[in-house]
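Notes to accompany the following structure.
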Ligand SMILES: [Zn+2]
């Protein structure tokens, strides 16, 4: 097993470092060797990304539609990310797009009783929106519970990186999508510069 922190940041080589599912969706177009890769571009990639995200695979005939719906939501949430950072609020347009997906989803509640105690179990059925509805739910939950925290929504400080993340650190000083991916590279660059100047 790799003991470096990348373990929690990369799943099957795909970035999951946003801290929230909807941010990980935005991070599904990473820049690899200078070119943007779309991790949802083909049915195979889509299936791999869903598995890494822990999302249910849609049934075969609905797969293409589910992929397009998720890619469209990604576009929508990119704008929402910028809006949140700029204004601190979710626009009505973003809420409308999210609500279209949530309207078709279903939440089931069940009280489970075990020897250790009772537990209220919530099951989310995304409905025809598929994985996009699950991401819409994550975004809605984020927007409803992180009021005033939009300054913690950040883009990686590496100009050659397009990752975004939620900085959950106590002092909110995180600059890099990940120390292993971008932070160390920057440190090495600075070290080399100092060596060259010495
Ligand atoms: Zn980065």
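Where a number appears in this text, it was derived from the coordinates with a stated rule and is not lab data. Predicted, not measured: the structure shown is a model, and the values here were computed from it. Positions of Cβ are backbone-derived with ideal geometry, glycine not excepted, and every protein chain shown enters the neighbour counts.
If you rank 73, 111 by fewest surrounding Cβ atoms within 10 Å, what's the result?
Details: 73 24, 111 8.
With the fewest neighbours first, 73, 111 line up as 111, 73.
Length gain on complete extension for the stretch residue 194 to residue 87, per 0.36 nm per residue less the alpha carbon to alpha carbon distance?
Numbers: separation 107, 0.36 × 107 = 38.52 nm, distance 3.92 nm.
Fully extending the segment from residue 194 to residue 87 adds 34.6 nm.
Could you state the angle between the C-alpha long axis of helix 43-53 and the longest principal axis of the C-alpha atoms of the chain, as a value from 0 to 90 degrees rounded to the nearest 10?
90 degrees
For 90, 164, 121, what ranking results if the residue with the fewest other Cβ atoms within 10 Å of its Cβ goes first?
Details: 90 19, 164 22, 121 10.
Arranged by neighbour count, lowest to highest, 90, 164, 121 become 121, 90, 164.
Enter the angle in degrees (range 0 to 90, nearest 10) between the Cα long axis of helix 184-197 and the first principal axis of the Cα atoms of the chain, meaning the one along which they spread out most.
Long axis of 184-197 versus the principal axis of the chain: about 10 degrees.
May I ask you to compute the full-extension gain from residue 78 to residue 115, defined as 0.36 nm times their residue separation minus their alpha-carbon distance, rounded to one decimal in nm? Please report the intermediate quantities before stating the final value.
Values: separation 37, 0.36 × 37 = 13.32 nm, distance 4.51 nm.
Net length gain for the segment: 8.8 nm.
Determine the distance separating the Cα centre of segment 18-76 from the Cα centre of segment 99-113; give it in Å without decimals.
Between the Cα centres of segment 18-76 and segment 99-113 lies a distance of 23 Å.
How much mean residue ellipticity at 222 nm does the chain get from its helices, if each DSSP H run of length 4 or more adds -39500 (n - 2.57) and you divide by all residues, to the nearest 500 deg cm²/dmol?
Working: 7 runs with 86 residues, N = 198.
Roughly -13500 deg cm²/dmol at 222 nm, from the helical runs in the chain.
Which values, in whole Å and largest first, are the semi-axes of the equivalent ellipsoid of segment 1-83 obtained as the square root of 5 times each eigenvalue of the Cα gyration tensor?
Here the semi-axes work out to 21, 17, 12 Å.
Full-extension gain between residue 184 and residue 147, please, as 0.36 nm times their residue separation minus the C-alpha to C-alpha distance.
Details: separation 37, 0.36 × 37 = 13.32 nm, distance 3.18 nm.
The residue 184-residue 147 span can extend by a further 10.1 nm.
With angles folded into 0 to 90 degrees, how steeply does helix 92-102 sit against the dominant principal axis of the chain? Use alpha carbons for both and round to 10.
So the inclination is approximately 50 degrees.
With the cut-off at 1.5 for a/c, could you classify the chain from its C-alpha gyration tensor as rounded, prolate or oblate? Working shown, then result.
Details: a/c = 1.69, a/b = 1.61, b/c = 1.05.
It comes out prolate by the Cα gyration axes.
Looking only at Cα atoms, what is the convex hull volume of segment 82-198 per residue, in Å³? Show your work: numbers first, answer last.
Numbers: hull volume 21.7 nm³, N = 117.
Per residue, the Cα convex hull of segment 82-198 comes to 185 Å³.
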